[in-house]
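The values are calculated or read from the model by the stated rules, or taken from the named source; none is laboratory data. Computed from a predicted model, the values in this text were never measured in an experiment. Positions of Cβ are generated from backbone atoms using ideal geometry, with glycine treated the same way; all protein chains shown enter the neighbour counts. These accessible areas exclude ligands, DNA and RNA; they are computed on the full protein's heavy atoms, side chains included. Shrake-Rupley method; radii C 1.70, N 1.55, O 1.52, S 1.80 Å.
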There are 8 protein chains.
Amino acid sequence: MTKAMVSILMGSKSDWPIMEQAGLTLGSLEIPFEARVLSAHRTPDALFSYLETAESRGIEIFIAGAGGAAHLPGVIASKTLAPVIGVPMPSQALNGIDSLLSIVQMPAGVPVGTMGIGKSGATNAALFAAAILSLKYDHYRAQLDKYRKKQAQAILEVAHPAG
Amino acid sequence: MTKAMVSILMGSKSDWPIMEQAGLTLGSLEIPFEARVLSAHRTPDALFSYLETAESRGIEIFIAGAGGAAHLPGVIASKTLAPVIGVPMPSQALNGIDSLLSIVQMPAGVPVGTMGIGKSGATNAALFAAAILSLKYDHYRAQLDKYRKKQAQAILEVAHPAG
Amino acid sequence: MTKAMVSILMGSKSDWPIMEQAGLTLGSLEIPFEARVLSAHRTPDALFSYLETAESRGIEIFIAGAGGAAHLPGVIASKTLAPVIGVPMPSQALNGIDSLLSIVQMPAGVPVGTMGIGKSGATNAALFAAAILSLKYDHYRAQLDKYRKKQAQAILEVAHPAG
Amino acid sequence: MTKAMVSILMGSKSDWPIMEQAGLTLGSLEIPFEARVLSAHRTPDALFSYLETAESRGIEIFIAGAGGAAHLPGVIASKTLAPVIGVPMPSQALNGIDSLLSIVQMPAGVPVGTMGIGKSGATNAALFAAAILSLKYDHYRAQLDKYRKKQAQAILEVAHPAG
Amino acid sequence: MTKAMVSILMGSKSDWPIMEQAGLTLGSLEIPFEARVLSAHRTPDALFSYLETAESRGIEIFIAGAGGAAHLPGVIASKTLAPVIGVPMPSQALNGIDSLLSIVQMPAGVPVGTMGIGKSGATNAALFAAAILSLKYDHYRAQLDKYRKKQAQAILEVAHPAG
Amino acid sequence: MTKAMVSILMGSKSDWPIMEQAGLTLGSLEIPFEARVLSAHRTPDALFSYLETAESRGIEIFIAGAGGAAHLPGVIASKTLAPVIGVPMPSQALNGIDSLLSIVQMPAGVPVGTMGIGKSGATNAALFAAAILSLKYDHYRAQLDKYRKKQAQAILEVAHPAG
Amino acid sequence: MTKAMVSILMGSKSDWPIMEQAGLTLGSLEIPFEARVLSAHRTPDALFSYLETAESRGIEIFIAGAGGAAHLPGVIASKTLAPVIGVPMPSQALNGIDSLLSIVQMPAGVPVGTMGIGKSGATNAALFAAAILSLKYDHYRAQLDKYRKKQAQAILEVAHPAG
Amino acid sequence: MTKAMVSILMGSKSDWPIMEQAGLTLGSLEIPFEARVLSAHRTPDALFSYLETAESRGIEIFIAGAGGAAHLPGVIASKTLAPVIGVPMPSQALNGIDSLLSIVQMPAGVPVGTMGIGKSGATNAALFAAAILSLKYDHYRAQLDKYRKKQAQAILEVAHPAG
């Protein structure tokens, strides 16, 4: 079995229908990943235990989805030197503007690479991870190139919207 | 020397001019406190060490000021059962609306009692801590009662604004 | 019958489906409470009458839910020294951002410990009340500890979201 | 001495530089008024005492300025049948959007006629009071008509902005 | 037939389900009114014709509902000395925050007394009109007093929300 | 066949249900147009190829609909001297406020004439294109005049909303 | 003397320092214009008189700057078939977000081509007017082309920011 | 001379005082970079020319700062497979919330890793680039580790804010 290179984390199982897009996209690019539910607020100790061994097990990048006072990506970033990509969940009351600000407005010193709110953001988190891995592994660059070309082709095929 | 009952924490020394209001107000109510700069993102290990011994040293309530992706109050709340009071700093770009949402929109399970943005919020954090301590210690209730009456008196004295 | 220690107030019966979460959570922690519909704007006199006797009847903490120009928590706080916890309702037009700002942005001198918008906020109001009572009553600290551990356990059981 | 017909209330003397515009405008329309500092949160009892006698002393309209969790206009409206006009103060952190929402989003049943944020709003509160009084007292209608014509004239005189 | 004293205007027939609340409330207070669809942008000339005769026909107050770039209340206010009460419609994309700001942020000189967004605002517009008319006509004050008491009673009857 | 004078562009076929309003309105004014799906981000080269020949084929005005980080109108404007009209799509999470700001806040030097969010904006984009073409082609002015009169008539016919 | 082709209107002389950018840009493109202070709210009759003769005097396009409840562009658009370009002023309290929404969110049927907030928006209003006039008058297209090339050149000259 | 590995791009020289933080941080980590002013809107062709050769010259990561309708990062991302990091400038009117949304809300398919608004975001863009390069080049991981430890040390030294 291939070792996971990307870790997809989320604070609640209810985030999975959105974060699943990250998994599906990584899968389509043949990038091995693992997904876990771990909460910065409700299971901090389990989260820290997970983070302590993740990199030695082969994880190179973390993707973290979180909603509301969305601390998960920032808390991960405080404990690792690896790139952390944050995905704001569309929160119930405020549609994710709270999640976005809680993730992106990190203080100088501890960055989180933030994506857009919701499913598009989750998909893009996977593509951004692929772009990072492409710098190091040539075959991921080829995968990413193929993905982008296929995506362009899909748009060009519906060029006449009313047709 | 009296043991501190309230801990005032902030992520950066630049938050002190605002958080100092909490200290001054606690002081005027004769509630012993200590103040520390500890960052959830930049010094997580030092923060966790501090939290491990705080309650055994006598801390009953935490007041935490934070700005931007303001995780400090929520990270403290994830590691203690004691009441955590959050004070949103008026952040540079977004005036503190980011700080407010990052503090108040906590997930079900781990609450932070959130105050208003800036100096008023810091003052109120101290008064809220006093209200909590008043349930247990009668002399703080007397102090708080005196504070509120003095404050009412100060307004009544300028009742004619143009005068 | 046990005397209520926490009072849950709301301005309209239509707030009950959200504020009920506070009641259910207090119940699960075995903290006795009472719930009342009393409006700061529409029944101010009945509200003030209620507040005059509440503490002598044993109420130690007020939890108040309100929406829109959400004055109820602040009006209660103006008439008591006890801790007041505010829960912003998800208002019809503005999703609760109006409720949140109307509750949290209290002037220096009269604090309201504000929770997040909606059901999570109502649950957290109860947990925050429990954290306050835990300082004074040891058995509530034990209850709260048990609640937090159960909640952590529930997350760890679904750690593999896709599984 | 003429009896005041309009009461200008504000929660803090620091609101006077803005609320003074209401006074100056009422003065220029020869509408007698009185101005008081009374806080809904910090001096609720003094506020209620004031309101109990205001109408019998001749007050027909209340103008209330307030900032942040701006409860003053709503609290007045809960205790009177007279028209209450609210003026949102430009609050320190959020520029008055919190004040505006806290004043305007009143629940069905207890209205506050809300003006714009800051000095323009204070001026307009006076003009709106004049429009109300004009329905009952013909000479105020004449005053208001003169004011509006003078104001139009002032604009027409600078019609060529670069000139 | 009784002459209308209040004019309810709106820019589109689709606003009627909300503005109808103003009509129903005026009706319950026995205040005669008329309702018209007239658009500041699409039928400006018909609007101005209507306004030219409205006051001579007995209209004392205008209530105007509008959404989006909600100019109707302000345009009416530019052409009359009578009190104009604005009701922001909950607009499709932005939930009425655009409507609210477009109505309330009037320049100094031409006020609009603004209500909350949507049905509550429409109800309150009628009650605010009643408060204005109460200054001049004693029987409306009695009606308004009765309305407020009935409304308080309705809340007190459901005081136990879970019951 | 008549040559298209207006080009309606959008980044995704899912924008068509909204942008179709622009097409329907242009059609009702007898202004020939063409509609294409071309993405600034996903098919930049195809977009630039399209733009290179559009004006020589007779296109005088571009209407571009886009959502989220809505770059399409601005990217078109960077490559043409023709008027570009932008229509913000009501985005999934933020209701189109992101789309609006991404389109309207262009830097000095490269303007986009921005319409309101959603279907009204798409309709208005067509009417604005018609107003531009009316300066040059008299018969479009006649068409536009007829459209505006019909629209006024439609409102006047429902003048009594309750009727 | 050349007849003005573009009319720059604003509601207050205090808007001129911003709207002057539109004048300076039109001037640099050699497009004749006139500028007037006319308020939709405070001088509606003078505004309508101005609009009645503007087109017959040669005005082809209106540029209107307005702040707060910024009705001027929409009111102009309600009375003309010519293109109306709106420029939101950076309002005192809300930085122009109120002005922007009040201008851009026009109802279907009466469009305003909206620019960004403040000086950039005023400059762009002039460039957008030039783009419109370029469709009809070839020499303005040449002027606009020259302007855009000069602007590109100015950026390329400072390509090394630190240099 | 060392070949640049990171390209810092911005649309205007006026962005340099903020983007300079990215340069200073990269410098302190000994990561070679180059900085250029190139506008997505005003110099699109020069931008595309630059992008065509950048990667073959050794650029592995792009950092792009932009304000208002901040298209630069997204336009770069549309033309490269390399990671693009976006830094929202604190725009004049809206403090950078427009810049943030215009950068972060990218459509699925073309990601931009977004940082916070302003100088903190620029610093973090450099640190995020370092985290990415650390996956491939071990000595940058050592540099980054040293940077983070020094930063933690700096906070711990001021742990007593009042001292």
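Here the condition is being out of contact with any Asp or Glu (no Cβ under 7 Å at 6 or more places or on another chain) and under 24 Å from C:A77 (Cα atoms); of D:I18, D:I59, D:I63, it holds for D:I63 alone. With the structure loaded, tell me whether H:P111 is under 23 Å from H:A35 (Cα atoms) and open to solvent by 10 Å² or more (accessible area, probe 1.4 Å) or whether it fails that test. Criteria met by H:P111. Scanning the stretch H:67-92 for residues that are buried (at least 24 other Cβ atoms within 10 Å of the Cβ) and more than 30 Å from A:A142 (Cβ to Cβ) yields a total of 7.
Scan the stretch F:54-64 and tell me whether some residue there is over 14 Å from the mean Cα position of the chain (by Cα) and either among the hydrophobic types (A, V, I, L, M, F, W, C) or within 18 Å of A:G163 (Cα to Cα) (or both). For the stretch F:54-64, residues over 14 Å from the mean Cα position of the chain (by Cα) and either among the hydrophobic types (A, V, I, L, M, F, W, C) or within 18 Å of A:G163 (Cα to Cα) (or both): present.
Restricting the stretch A:140-150 to residues that are open to solvent by 20 Å² or more (accessible area, probe 1.4 Å) and in contact (Cβ under 8 Å) with a residue 40 or more places away in the chain leaves a set whose member that is nearest to F:A93 (Cα to Cα) is A:Y147. In the stretch F:3-26, is there at least one residue being open to solvent by 50 Å² or more (accessible area, probe 1.4 Å), touching a Lys or Arg at 6+ places or on another chain (Cβ under 8 Å) and in a loop (DSSP other than H, G, I, E, B)? Yes, because at least one residue in the stretch F:3-26 is open to solvent by 50 Å² or more (accessible area, probe 1.4 Å), touching a Lys or Arg at 6+ places or on another chain (Cβ under 8 Å) and in a loop (DSSP other than H, G, I, E, B).
Looking across the stretch F:31-50 at every residue that is assigned to a loop (DSSP other than H, G, I, E, B) and of a type outside the set (A, V, I, L, M), the one that is farthest from the other protein chains (Cβ to nearest Cβ) is identified as F:P32.
Residues in the stretch G:36-65 that are within 21 Å of E:L47 (Cβ to Cβ) and not hydrophobic (A, V, I, L, M, F, W, C): G:S39, G:H41, G:R42, G:T43, G:P44, G:D45, G:S49, G:Y50, G:E52.
For the stretch C:33-53, a residue qualifies if it is within 13 Å of the chain's Cα centre (by Cα) and open to solvent by 20 Å² or more (accessible area, probe 1.4 Å), and the qualifying residues are C:F33, C:E34, C:R36. Being in contact with a Pro (Cβ under 7 Å, 6 or more places away or on another chain) and on the phi > 0 side of the Ramachandran plot is not true of E:G86. In the condition set (1) open to solvent by less than 10 Å² (accessible area, probe 1.4 Å); (2) out of contact with any Asp or Glu (no Cβ under 6 Å at 6 or more places or on another chain), G:L101 is compliant with all but (2). Among the residues of the stretch B:51-85, those identified as more than 10 Å from chain A (Cβ to nearest Cβ) and either of a type in the set (S, T, N, Q) or assigned to a loop (DSSP other than H, G, I, E, B) (or both) are B:T53, B:E55, B:S56, B:R57, B:G58, B:I59, B:E60, B:T80, B:L81, B:A82, B:P83.
Mind checking whether some residue in the stretch H:142-163 is under 30 Å from H:A69 (Cα atoms) and either more than 10 Å from chain A (Cβ to nearest Cβ) or touching a strand residue (DSSP E or B) at 6+ places or on another chain (Cβ under 9 Å) (or both)? Looking for residues that are under 30 Å from H:A69 (Cα atoms) and either more than 10 Å from chain A (Cβ to nearest Cβ) or touching a strand residue (DSSP E or B) at 6+ places or on another chain (Cβ under 9 Å) (or both), one finds none in the stretch H:142-163, hence no.
Across the stretch B:55-65, not a single residue is classified as hydrophobic (A, V, I, L, M, F, W, C) and open to solvent by 20 Å² or more (accessible area, probe 1.4 Å).
So, G:A93, is that one free of Cβ contacts under 8 Å to residues at least 12 places away in the same chain and in contact with a helix residue (DSSP H, G or I) (Cβ under 9 Å, 6 or more places away or on another chain) or not? Judged against the criteria, G:A93 is a match.
Per-residue answers, yes or no, for (1) modelled with pLDDT of 95 or more; (2) facing chain G (nearest Cβ under 10 Å); (3) in contact with an Asp or Glu (Cβ under 8 Å, 6 or more places away or on another chain); (4) closer than 30 Å to H:Q92 by Cα:
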site	(1), (2), (3), (4)
F:Q92	no, no, no, yes
F:Q105	yes, yes, yes, yes
F:G109	yes, yes, no, yes
F:A125	yes, yes, no, yes
F:A130	yes, yes, no, no
F:S134	yes, yes, no, no
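Note on the stretch B:30-53: residues that are in contact with a helix residue (DSSP H, G or I) (Cβ under 9 Å, 6 or more places away or on another chain) and either of a type in the set (G, A, S) or farther than 15 Å from B:G11 by Cα (or both) total 8.
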